[in-house]
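Enquirer: Here's a structure for you.
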Amino acid sequence: MSTYPNAALLLSAANPSHFPEDSGAEAAFAGRSNAGKSSAINALAGRRSLARTAKTPGRTRLLNFFELSPGCRIVDLPGYGYAEASAAERASWGPMIEALATRASLRGLFLIVDSRRGILEGDETLIEWAQAVNCPVHVLLSKSDKLKRAELAKALAAAKSALGGRATVQAFSAVDGTGLEDARRQLHRWLHK
C-alpha cells in the first residue's frame, strides 16, 4: 500500500518564477548523479514510478515538485557531478537552488550519497550551502544493500566522521528497504512539524 496514494508531479520548474506558491512544507532531495535519488523518493512515497529512474546519470534537469498530500511537497533537484546537461542548463541550476533556499516552506534536505563512494566534494558543498541557509540535512547512505555488514558499518562511521555533526546520517536501500521507515519518519517530521 502506498504511503502517499495521491502523490503526483505538481510541476517541473525551469526557473524560480515557475515554483509553486510558498506555503505548506517541502523537503528537498539532492545528490550526485546516479546516487539513487529517484529510487529514494519512490521508496519513501511508496510509489513505484513517482520520480523517473534511469540507468543513465543526470536525467533530472529541472526542479521537480511532487505533491505528496495537500500542502506537503518533495522537491527533486538535478543531480550533480556527472550530468550530461549543457553548460547553460547547469548554469541555470545555481539561481534556482538559491531561490529554493529563500522559501519559508523548505523544512529540510535529504542528501543521497552512494554508500560505496562516501561523502565527496560536491556533497560537502551542498552541506555547506544548507548550513548557510539554516536548512537541516539528513544523509541517506543509499545502495547499502550492495555492501556487506562490516563494509556498511565502516561506511556509516566514515560518513559520521566526515559530517562532524553537521547532518544526521543513516543507511538506506530502496531495494531491500533498509532504513526506509527511519527515513519516512524524518520526512514526516519535516513535513508535519
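Only the coordinates and a few stated rules stand behind these numbers; no lab work does. Note that the structure is a prediction, hence the values are computed from the model and not measured. Glycine also receives a Cβ, built like all others from the backbone with ideal geometry; neighbour counts cover every protein chain displayed.
Enquirer: Take the chain, mark every one of the GluC sites (Glu not before Pro) that falls in a DSSP loop and has at most 15 other Cβ within 10 Å, then report the longest stretch left between them, sites excluded.
Expert: The segment 85-193 is the longest one with no such site.
Enquirer: Quick one: net charge around Asn6, please, counting Lys, Arg +1 and Asp, Glu -1 for every other residue with C-beta under 13 Å from its C-beta.
Expert: Local net charge: +1.
Enquirer: Same structure, new question: Based solely on its DSSP helices, what 222 nm [θ] is calculated for the chain when runs of n ≥ 4 H residues each add -39,500 (n - 2.57) and the sum is averaged over all residues, nearest 500 deg cm²/dmol?
Expert: -10500 deg cm²/dmol
Enquirer: Out of the stretch 100-193, which chymotrypsin sites (Phe, Trp or Tyr not before Pro) are coil in DSSP terms and have no more than 14 other C-beta atoms within 10 Å?
Expert: none
Enquirer: Also, quick follow-up: After finding the eigenvalues of the alpha carbon gyration tensor for the chain, what semi-axes result from the square roots of 5 times each, listed largest first in whole Å?
Expert: 23, 19, 17
Enquirer: Shifting gears a bit: Please compute the modelled spin-label separation between Lys193 and Val133, points set 7 Å along Cα→Cβ, answer in nm with one decimal.
Expert: Each label point lies 7 Å from its Cα, and together they span 1.6 nm.
Enquirer: Additional query: State, to one decimal in nm, how far the label point of Arg184 lies from the label point of Leu10, with both points 7 Å from Cα in the Cβ direction.
Expert: 2.2
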